[in-house]
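To start, the structure under review is shown below, and the notes come after it.
The values are calculated or read from the model by the stated rules, or taken from the named source; none is laboratory data. What you are looking at is a predicted structure, and each value in this text was computed from that prediction instead of being measured. So basically every Cβ, Gly included, is an ideal-geometry build from the backbone, and we count neighbours across all protein chains shown.
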Amino acid sequence: MRSTETTAPGPLPSGLRLLVAGGSLYLLAVHVWTWILTTPLALAGRADFRQFYAAGAILQAGEAHKLYDYSTQKTFQDSVVSPAPTALPFVSPAYHALLFLPLSSLPYRTAYFAFLAMNVGLLGAGLVLMRPWMQSLRAIFRWLPAAMFASFMPIVMALIQGQDSILLTTLLIGSLVLLAREQDFYAGLLTGLGLFKLQIVLPLALLFLIWRRWRFSSGFALSAGTVTLFSVLLTGVGQAKLYVKTLLAIAGILPPPSDLARYPLTLEQMANLHGLVYGLCSRWLPVALVHMLAIFLSLAVLMWTARKGLCIKQSSTQLLLGIPCSVLISHHTYVHDLSGLFLPLIVLINAPLAEATPDNQKKFVGGVAGLAFVAPVLESFSASHFYLISIVVLGVLALVMVAAHDPSFDDSRLTA
């Protein structure tokens, strides 16, 4: 087991301390304003929690065999949440709907706040688990780690929308802790439970397979296979096939099997390579060529990350590298899906602070990571240009790569 002790950072200049405090307070103010503007919409049923709550209600009504049927989803969402022109599709494996089964017995607003409380509890657990990687931040201000959790825009939006991204982030934090303790099998088990965000965890699992982390891969296969089998048993083979067809239709591979697959995708609001290529090129290139270019770039980033990651000794550091890569090549990456980036960003920001006199490269990495931490606030000012954040995610991937391969970076501090 690797030591989690870190040395105390040297005293920061008063101006930098003021900048850190002022920046944190500014982000918190932006997010409070976002809460004020968007919470009434969420309570009116215009939040992602709508789809999860209705999925739980479908199970409660004993109609699991219709879980992915568009008309059933539309009927339940209109009746148990609020009427809307279209249904918000539930496109997670069926086992995930069980989480919302008890919540569906409550009125929608009560269930929304109950799930919010659950997410806040998960953040608290994540804060405790991340303490070894946040000691230097805590030495600056004791409240700074908690403030950073509360001021990271993807986490805030996940809270507001009633999204499940915080659950995945907590699972990834648990995996990081287990990998740091060289318990790779159990880390894989935890990551596999996050299959409800398959667009994030499947690329991550593929990378660990390429990196020949067999214990992690076997743990992932066991948990992911178990929840997949359970999902099929829960809904039946027919619905499982409809679920797969719907995913392929959303990806543009198959024609839509129902109106569910025609739900509009706002690619310009996705912080991945798909969104970046679409945002920059859709006005000049045919749609088919845009998709081909996005696939080519995604494969290139995957191969580059896989190759560079083979040289990294610590599996915990590989996880920090795999998260931004998975976000970039994911087919869906909205603002809340960036919650997992909290892990590599915090580690990169904290590591240089653990030394009294970090060299210029460490200062650069920590400073750029700090700017990347702030960048998702673009969602509050220009959501239609959020695809530009994918450039920031590329930068995070490069920063982890630099830190992991630079001998001057103390690996024990990079990954606690």
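Counting only helices (runs of 4 or more DSSP H) that fall entirely inside region 94-200 and contain at least 3 residues that are touching a Pro at 6+ places or on another chain (Cβ under 6 Å), more than 16 Å from Tyr53 (Cβ to Cβ) and touching a residue at least 12 places away in the same chain (Cβ under 8 Å), the qualifying elements are 135-140. Here region 45-82 is the region considered, the condition is being in a loop (DSSP other than H, G, I, E, B) and of a type in the set (A, V, I, L, M), and the residue that is surrounded by the fewest Cβ atoms within 10 Å (Cβ to Cβ) is Ala61.
Per this entry, Leu179 is not counted among residues that are surrounded by fewer than 22 Cβ atoms within 10 Å (Cβ to Cβ), among the aliphatic types (A, V, I, L, M) and under 23 Å from Val327 (Cα atoms).
Taking residues in region 265-294 that are under 20 Å from Leu247 (Cα atoms), and partners anywhere that are modelled with pLDDT under 85 and β-branched (Val, Ile, Thr), the pairs with Cβ atoms closer than 8 Å and at least 6 places apart or on different chains are Leu265/Ile250. Here is the figure for region 369-396: residues that are more than 17 Å from Tyr334 (Cα to Cα), in contact with a helix residue (DSSP H, G or I) (Cβ under 7 Å, 6 or more places away or on another chain) and surrounded by fewer than 19 Cβ atoms within 10 Å (Cβ to Cβ) total 2.
Being at pLDDT below 90 and farther than 30 Å from Ala375 by Cα is a description that applies to Ala84. Checking the stated criteria, Leu189 turns out not to satisfy the condition of being under 29 Å from Gly370 (Cα atoms), under 19 Å from the mean Cα position of the chain (by Cα) and at pLDDT 95 or above.
Set side by side, the residues Val156, Val201, Val244, Val237 differ, and just one is modelled with pLDDT under 95, within 29 Å of Ser104 (Cβ to Cβ), surrounded by 22 or more Cβ atoms within 10 Å (Cβ to Cβ) and hydrophobic (A, V, I, L, M, F, W, C), which is Val156. How many residues, within region 271-309, are buried (at least 20 other Cβ atoms within 10 Å of the Cβ) and not in a helix (DSSP H, G or I)? Adding up the residues that qualify gives 2.
Pairs meeting the criteria (first residue in region 397-416 and surrounded by 15 or more Cβ atoms within 10 Å (Cβ to Cβ), second residue β-branched (Val, Ile, Thr) and at pLDDT below 60, beta carbons under 8 Å, at least 6 apart or on different chains) are Arg413/Thr6; Ala416/Thr4; Ala416/Thr6. Of the listed requirements (1) under 23 Å from Leu273 (Cα atoms); (2) not in a helix (DSSP H, G or I), Lys313 misses just one: (1). Residue check: is Arg212 closer than 29 Å to Val392 by Cα, surrounded by fewer than 19 Cβ atoms within 10 Å (Cβ to Cβ) and either among the basic types (Lys, Arg) or in contact with a Phe, Trp or Tyr (Cβ under 8 Å, 6 or more places away or on another chain) (or both)? Here the answer is yes, as Arg212 does meet what is asked.
Considering Ser298, Ser315, the condition of being more than 18 Å from Leu399 (Cβ to Cβ), of a type in the set (Gly, Ala, Ser), touching a Phe, Trp or Tyr at 6+ places or on another chain (Cβ under 7 Å) and at pLDDT 90 or above is satisfied by Ser315 alone.
In the set (1) surrounded by 15 or more Cβ atoms within 10 Å (Cβ to Cβ); (2) small (Gly, Ala, Ser); (3) at pLDDT below 70, the condition left unmet by Ala42 is number (3). Is there a residue being closer than 16 Å to Phe373 by Cβ and either touching a residue at least 60 places away in the same chain (Cβ under 8 Å) or not aromatic (Phe, Trp, Tyr) (or both) anywhere in region 309-317? No, region 309-317 contains no residue that is closer than 16 Å to Phe373 by Cβ and either touching a residue at least 60 places away in the same chain (Cβ under 8 Å) or not aromatic (Phe, Trp, Tyr) (or both).
Yes/no matrix, rows are residues, columns are (1) assigned to a loop (DSSP other than H, G, I, E, B); (2) modelled with pLDDT of 85 or more; (3) in contact with a Cys (Cβ under 7 Å, 6 or more places away or on another chain):
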| residue | (1), (2), (3) |
| --- | --- |
| Ile346 | no, yes, no |
| Thr357 | yes, no, no |
| Leu371 | no, no, no |
| Glu379 | no, no, no |
| Ser384 | no, no, no |
| Val393 | no, yes, no |
| Leu397 | no, yes, yes |
| Met401 | no, yes, no |
